[in-house]
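All of the numbers you see were taken from the coordinates with simple rules; none came from a lab. A quick note: this is a predicted structure, and the numbers were derived from the prediction, not measured. A quick note on method: Cβ atoms are made from the backbone with ideal geometry, for glycine too, and the neighbour counts reach across all protein chains shown.
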Amino acid sequence: MKTAIVILNWNGKKLLEEFLPSIVKHNSDTAEIYVADNASTDNSIAFLKEHFPTVKIVVNPENGGYAKGYNDALQHIDADIYCLINSDIEVTHNWLPPILNVFKENPNTAIIQPKLLDFKDKTKFEYAGAGGGFVDFFGYPYCRGRVFNHLETDEGQFNDITDIFWASGACFFIRSDVFHQLGGFDEDYFAHQEEIDLCWRAHNEGHNVKYVGTSTVYHVGGATLQETNPHKTYLNFRNSLLTVLKNVPSRYLFQTVFSRLVLDGIAGIKFFLELRPIHTWSILKAHLSFYKNLFKFIKKRRALQRKPDYNKHTSVVWQYFVLGRKKFEDLR
């Protein structure tokens, strides 16, 4: 299968300098490497042309974030499989063949994620995707190996190949025909959680999403927006609410959205008591944006079919914060 490894870049010359060599070194003969540049104002492109002449470059006319950036770039890339990979990821020897083999052996599998470990501590799972993602009844995302901020040590417990609900956008493999069939990422997200929405829509169309733990990559995380950045808080809370509104089946919709608004309010109070009022304000802005986009996303949900069996566990918030269950294996 013709594979394209596509790295989205915005003013990331230093990251390309550090991490692109590992992708070039451990590339498969069947894969071509692209950098999709989101209108960078540093010298990223000049650097690529001088030091990595075999890497192909697609220049986007504007910085449309993760969602629009990939949507724009992938219109110009011909491949059977797209590997959308962050510029802050170090890949390992033989990382591609296990994933491509799963695609070959499972025609119904549309999306795959490898094991994501922390570049800064390679014994730990990494926040953005860990051992594969799920959502609970209220639409809160969590991972095998990462529940909220608790990161597990990699002891081989997730070296399997299994079905998951969502794959991390940090290293996201997808069949090109499925990507274009689904209309790509929802550009209203800009960045954060658009991969969850895309996986949700893929499930609803009868496709499978898998995790392949026999392939490992290391992710820095937060290279574009740090965890402490209030804009990241805003995007995460807003986009999670919009994903719920867009995708949750009708019979659960009101109670799920109402519960999320209440729980987000509690999170805002928690930030305030922790003397981080700027994050409380970010949640408030996220809710205002949610109300602003309400009818637009109701219109979007009407165009989608939805399956009711989306939740792996009932309430991760209750189990994590009240019952103290920190590990994925302890969730019920």
The range 102-162: trypsin sites (Lys or Arg not before Pro) falling in loop per DSSP and having at most 15 other Cβ within 10 Å
K120
Nearest-0.05 FRET efficiency for L273 and K2, computed from C-beta distance (R0 41 Å)
0.15
Say the dipole of the chain comes from +1 at the beta carbon of Lys and Arg and -1 at that of Asp and Glu; which of P249, A128, S168 then lies farthest toward its positive end?
P249
Given Cβ point charges of +1 (Lys, Arg) and -1 (Asp, Glu) and nothing else, what value in debye, to the nearest 20, does the dipole of the range 179-332 about its Cα centre take?
480
Could you tell me the distance between the Cα centroids of the range 72-103 and the range 115-171, to the nearest Å?
19
Could you run the Karplus curve 6.51 cos²θ - 1.76 cosθ + 1.60 with θ = phi - 60° over the range 144-149 and give me ³J(HN,Hα) per residue in whole Hz, x for Gly and Pro?
5, x, 8, 10, 6, 9
What spacing in nm lies between the two simple spin-label points modelled at H51 and T92, each 7 Å away from Cα in the Cβ direction?
2.5
Can you give me the distance in nm between label points at N63 and L284, each placed 7 Å from the Cα along the Cα-to-Cβ direction?
2.7
Average Cα contact separation per residue, the chain, under 8 Å, 6 or more apart, as relative contact order %:
19
Assign one of three labels to the chain, namely rounded, prolate or oblate, based on the Cα gyration tensor with a ≥ b ≥ c the square roots of its eigenvalues; rounded applies when a/c is under 1.5, prolate when it is not and a/b is larger than b/c, and oblate otherwise.
rounded
Difference of contour (0.36 nm per residue) and Cα-Cα distance, R301 to T153:
49.5 nm
Output for the range 12-113: GluC sites (Glu not before Pro) sitting in coil per DSSP, at most 10 other Cβ within 10 Å, listed by number, reads E62
Whole-number percent relative contact order across the range 230-330, with pairs defined as alpha carbons under 8 Å at least 6 apart
36
Along the charge dipole of the chain, pointing to its positive end and built from +1/-1 on Cβ of Lys, Arg, Asp and Glu, which listed residue (I7, S259, V178) has its Cα farthest out?
S259
Sequence-distant or interchain residues sharing an amide H contact under 5 Å with I161, placed H: which?
G213
Extension gain, N101 back to K14 (0.36 nm per residue minus Cα-Cα distance, nm)
28.1 nm
Taking a label point 7 Å from the Cα of R251 along the Cα→Cβ vector, which residues of the range 103-140 have an amide N closer than 16 Å to it?
137
Compute, for the chain, the length of the dipole vector about the Cα centre, with Cβ point charges of +1 (Lys, Arg) and -1 (Asp, Glu) only. Units Debye, rounded to 20.
1280
Cα-Cα over 30 Å, subset of K68/K246; K210/K300; K270/K300; K270/K326; K232/K327
K270/K300
Gyration tensor (alpha-carbon) shape descriptor, the range 230-330, a/c threshold 1.5
oblate
